[in-house]
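In what follows, a structure is listed as structure tokens, so that the remarks can point back to it.
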Amino acid sequence: MSPAAQNPDDTDRHVALWSPELQWLNPLHEEIIGRLTSVTKHLDRARADAHRHSALSRASFRVLMGLRRHGAPYTAQPSQLAEYLGLSRGALSLRLGPLEERGLIVRAVDPDDRRKVHVTLTRAGHRAFDRHGVREGQNEAEVFDTLSTAEQRQLADLLRRLTLVFEGRAT
């Protein structure tokens, strides 16, 4: 007996409903797309849950992540952050203000070139980022730990192959 027959999920029911009706539907592709969509939805909810409990919005977390990825001393110019986040300088400035007010970042003029500003992650920002990241990681582990480490590696490798198609580098 197939796994679907023993323990059907919403995607199995969807495919069973539509396969007889839509002759052009590839049931296997529909199963993959349906499950990827479902997993993405659940992971988005897990991340949203982490944001609710950390007092960091997704936008704020991404700014802190942009600084953290630069490594010590966790400093970047606004133009670098805006490019990383895919934002205009004005939109970035709107995100930086509240983070600065909360003491999670500081903005300072470059002492050698007063036209340049540097944004730096503070110790409090570093702690807020880590607290949030730990919670997000715990929520994600609840999902992925249903798979063995080998299965997780296999899934990651298969998804990389699909991602490379979209990046134009399929092998």
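The values are calculated or read from the model by the stated rules, or taken from the named source; none is laboratory data. Since the model is a prediction, treat every value here as computed from it, not as a measurement. All Cβ positions, glycine included, derive from the backbone under ideal geometry; neighbour counts span all protein chains shown.
Tabulated data for the structure shown
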| read-out | value |
| --- | --- |
| Some residue of the range 29-45 being over 17 Å from the mean Cα position of the chain (by Cα) and basic (Lys, Arg) | yes |
| Flag for Leu81 being touching a residue at least 24 places away in the same chain (Cβ under 8 Å) and part of a loop (DSSP other than H, G, I, E, B) | no |
| Subset of the range 46-77 that is in a loop (DSSP other than H, G, I, E, B) and in contact (Cβ under 8 Å) with a residue 24 or more places away in the chain - its residue that is farthest from Arg127 (Cα to Cα) | Gln77 |
| Every pair of residues 6+ apart whose Cβ atoms lie under 6 Å, when the first sits in the range 137-161 and is not assigned by TED's automatic domain parsing to the domain that holds Ile33 while the second is surrounded by fewer than 11 Cβ atoms within 10 Å (Cβ to Cβ) and part of a helix (DSSP H, G or I) | none |
| Qualifying residue in the range 118-133 (condition: touching a strand residue (DSSP E or B) at 6+ places or on another chain (Cβ under 9 Å) and assigned to a loop (DSSP other than H, G, I, E, B)) | yes |
| Considering residues of the range 5-25 that are touching a Ser or Thr at 6+ places or on another chain (Cβ under 9 Å) and in a helix (DSSP H, G or I) only, the residue farthest from Thr37 (Cα to Cα) | Asp10 |
| Subset tally (residues that are over 18 Å from Val39 (Cα atoms) and at pLDDT 95 or above) for the range 150-171 | 1 |
| Selection count, the range 46-67, where residues are over 15 Å from the mean Cα position of the chain (by Cα) and more than 15 Å from Glu100 (Cα to Cα) | 3 |
